[in-house]
Amino acid sequence: MNRTPLVAGNWKMHKTIAEAEEYIQALLPRVSDVDGVEVGICPSYLSLQPLVDSTRGSRVAIYAQNMHEAEHGAYTGEVSAPMLVEVDVHGVVLGHSERRQYFGETDRALAAKVPAALAAGLQPILCVGETEDEREAGDTERKLRHQVQEALARAPDDRIPDVVIAYEPIWAIGTGIVATPDQAQEAIAFVRALVAGRWPEQSERVRILYGGSVKPEGAGDLIAQPDIDGFLVGGASLDPEAFAAIVRAAVPAP
Ligand code: 13P
């Protein structure tokens, strides 16, 4: 199965609108001739509309970093799927480990967020991954099984191929420690097998990304693994040159 690689830059809480605009003007020429890879940028909420406007007609798609599961309501500080659709974003990152760790994001909320995003026409990038302690205790598969099954429990069967999953081991995020290609492949193949357990026909179409200290060097060895379909990039995505180099590393061999 040929899956189009996706390389998305998660800026987290970095870049003002002015900085975001300057970055996009630097990025666009660097990826304009890259074929066969989808490119995404996940800026702050405030930069969504400006970047949707300045990337229109380009190969760069804009994703939000989070959303609330309800369409509207008394949830101070939150943003809903219809609000994201109105500014024409392509998708939304859901369940990032920083949301889970610092903001109490639960698997239960994700079970509602994934179908809400799909129903609104947004592409969810669902993040899963184990801590260092869980890996050392041999609990990686149990954690991944729980996260994947809970978050996808209420997703409609026919929309499963529209979900992107990002395997981001927490011990690799922002630490400079990248999972080895074998470690990433093993975990991502396990995630694909979990999806196949419930949706045997769709699992080969689901894209599963690796995230955690991805840098231009090393990206080629990761993407060469059979189940790794791209990257969710944090720190290295803040520099347009480094991010474009990671995008280029994901171009499929002719
Ligand atoms: P780093 O690439 O900075 O490790 O961050 C990964 C990440 O959390 C992307 O969502």
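Compute the accessible area per residue over the chain, keeping the other protein chains in place, probe 1.4 Å, unit Å². Walk me through the numbers on the way to the answer.
Values: 11370 Å² over 254 residues.
For the chain, the solvent-accessible area averages 45 Å² per residue.
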I'd like the distance separating the alpha-carbon centroids of the range 190-253 and the range 1-30, in whole Å. 15
Work out, step by step, the length gained on full extension between Glu71 and Gln101: first 0.36 nm times the residue separation, then minus their alpha carbon distance; give nm to one decimal. 8.4 nm
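Under a Cβ-only charge scheme (Lys and Arg +1, Asp and Glu -1), can you give me the dipole magnitude of the range 1-142 about the Cα centre, in debye to the nearest 20? The partial results should precede the final answer.
Numbers: 12 positive and 22 negative charges, 57 e Å.
Dipole about the Cα centre, nearest 20: 280 debye.
Under a Cβ-only charge scheme (Lys and Arg +1, Asp and Glu -1), can you give me the dipole magnitude of the chain about the Cα centre, in debye to the nearest 20? Kindly include the intermediate steps, with their values, before the conclusion.
Working: 22 positive and 37 negative charges, 54 e Å.
Once rounded to the nearest 20, the dipole reads 260 debye.
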When Lys and Arg each count +1 and Asp and Glu each count -1, what net charge do the other residues less than 13 Å away from Ala187, Cβ to Cβ, add up to? -3
Charge tally in the Cβ shell below 10 Å around Asp33, where Lys, Arg are +1 and Asp, Glu are -1, Asp33 excluded: +2
Choose one of Ser32, Gln183, Ile223: the residue whose Cα lies farthest towards the positive end of the charge dipole of the chain (beta-carbon charges +1 Lys, Arg; -1 Asp, Glu; about the Cα centre). Ser32
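Set the Förster radius R0 to 22 Å, insert the Cβ-Cβ distance between Glu201 and Ala153 as r into 1/(1 + (r/R0)^6), and round the FRET efficiency to 0.05.
Working: r = 18 Å, r/R0 = 0.84.
Working from the Cβ atoms, E equals 0.75.
Please list 52-63, 97-108, 69-80 highest first by mean number of surrounding beta-carbon atoms within 10 Å per residue. Write out the running numbers ahead of the final one.
Details: 52-63: 17.3, 97-108: 14.4, 69-80: 11.9.
Top of the packing list down: 52-63, 97-108, 69-80.
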Quick query: amide H of Val92 versus all other amide H atoms, modeled in the peptide plane; which residues come in under 5 Å with a sequence gap of 5 or more or a different chain? Ala64, Gln123, Ile125
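I'm a student and want to see the number: the projected area of the Cα convex hull of the chain, averaged over all directions, in nm². Display every interim value, and only then the final one.
Numbers: hull surface 50.6 nm².
Taking the Cα atoms of the chain, their convex hull projects to 12.6 nm² on average.
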Of Leu122, Leu194, Leu46, the most mobile residue in a GNM of the chain (C-alpha springs, cutoff 10 Å) is Leu46
Positive end of the charge dipole of the chain (Lys, Arg +1 and Asp, Glu -1 on Cβ, about the Cα centre): tell me which of Ala74, Pro252, Val148 has its Cα farthest that way. Ala74
On the protein heavy atoms, probe 1.4 angstrom, tell me the percent of accessible surface of the range 127-205 carried by carbon and sulfur. 46
For the range 107-147, what is one quarter of the convex hull surface built on the Cα atoms, given in nm²? 3.1
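The values are calculated or read from the model by the stated rules, or taken from the named source; none is laboratory data. Every value quoted in this text rests on a predicted model; they were computed, and no experiment measured them. Counting neighbours? That spans all protein chains shown, and the Cβs are built from the backbone with ideal geometry, glycine included. To get the accessible areas, we keep the full protein, side chains included, count just its heavy atoms, and leave off ligands, DNA and RNA. Shrake-Rupley method; radii C 1.70, N 1.55, O 1.52, S 1.80 Å.
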